[in-house]
């Protein structure tokens, strides 16, 4: 009886994570505010903008959009993997990947999104290369390559684990 009570308590403790995911929903709203602020700041001056400024603005908006996508993936997949399934009924808008992304898949999607965001930041720096100190640019490139190599190593590790697991199956 003590063991069953302890196991129920441990199982119920997963709900402690729910406020974390609600906090990420708030962070998504905060990201929307920044996106709208950037858009409102940029639209009035669109006719005076240089092509480079326009591209940098668009890259900023893409960067914010990717960060939003990343948050949605973490919120949905994290909640469904660690807390509870999200009951959307037969809603046709339910993303196909919901309920199918396990921790390993989430980890790879997360690193891929980080690499994409880092790549956009690097592209923004290259677009404004005259105003970026070379040492900063070098560090940005190093950090980006660390993300890329980390992603490749994570994918390789998952591949090796999957191969080892299928090898052991009868």
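Could you check, for the stretch 107-120, whether at least one of its residues is touching a helix residue (DSSP H, G or I) at 6+ places or on another chain (Cβ under 9 Å), free of Cβ contacts under 8 Å to residues at least 24 places away in the same chain and assigned to a helix (DSSP H, G or I)? Checked against the condition, which is being touching a helix residue (DSSP H, G or I) at 6+ places or on another chain (Cβ under 9 Å), free of Cβ contacts under 8 Å to residues at least 24 places away in the same chain and assigned to a helix (DSSP H, G or I), the stretch 107-120 yields no hits at all. Looking across the stretch 73-85 at every residue that is touching a helix residue (DSSP H, G or I) at 6+ places or on another chain (Cβ under 7 Å) and assigned to a helix (DSSP H, G or I), the one that is surrounded by the fewest Cβ atoms within 10 Å (Cβ to Cβ) is identified as 82. For the stretch 15-49, the set of residues classified as in contact with a helix residue (DSSP H, G or I) (Cβ under 6 Å, 6 or more places away or on another chain) and touching a residue at least 60 places away in the same chain (Cβ under 8 Å) consists of 17, 21, listed by residue number.
Could you list, in sequence order, all residues of the stretch 50-65 that are over 25 Å from residue 112 (Cα atoms) and free of Cβ contacts under 8 Å to residues at least 12 places away in the same chain? Of everything in the stretch 50-65, those that are over 25 Å from residue 112 (Cα atoms) and free of Cβ contacts under 8 Å to residues at least 12 places away in the same chain turn out to be 50, 51, 53, 54. Summed over the stretch 129-156, the residues that are under 19 Å from residue 63 (Cβ atoms) and surrounded by 14 or more Cβ atoms within 10 Å (Cβ to Cβ) give a count of 8. At pLDDT below 95 and closer than 27 Å to residue 112 by Cα: is that true of residue 68 in this structure? Considered against the rule, which asks whether it is at pLDDT below 95 and closer than 27 Å to residue 112 by Cα, residue 68 comes out as yes. If you check 147, 82, 103, 126 for being on the phi < 0 side of the Ramachandran plot and modelled with pLDDT of 90 or more, only one passes: 147. I'd like the full set of residues that are at positive phi and surrounded by fewer than 12 Cβ atoms within 10 Å (Cβ to Cβ), limited to the stretch 86-100. Hit for the stretch 86-100 is 89, nothing else. Selection of the stretch 121-143 for residues being in contact (Cβ under 8 Å) with a residue 24 or more places away in the chain, assigned to a helix (DSSP H, G or I) and more than 16 Å from residue 66 (Cα to Cα) yields 127, 143.
The values are calculated or read from the model by the stated rules, or taken from the named source; none is laboratory data. Predicted, not measured: the structure shown is a model, and the values here were computed from it. Backbone-built Cβ (ideal geometry, glycine too); neighbour counts: all protein chains shown.
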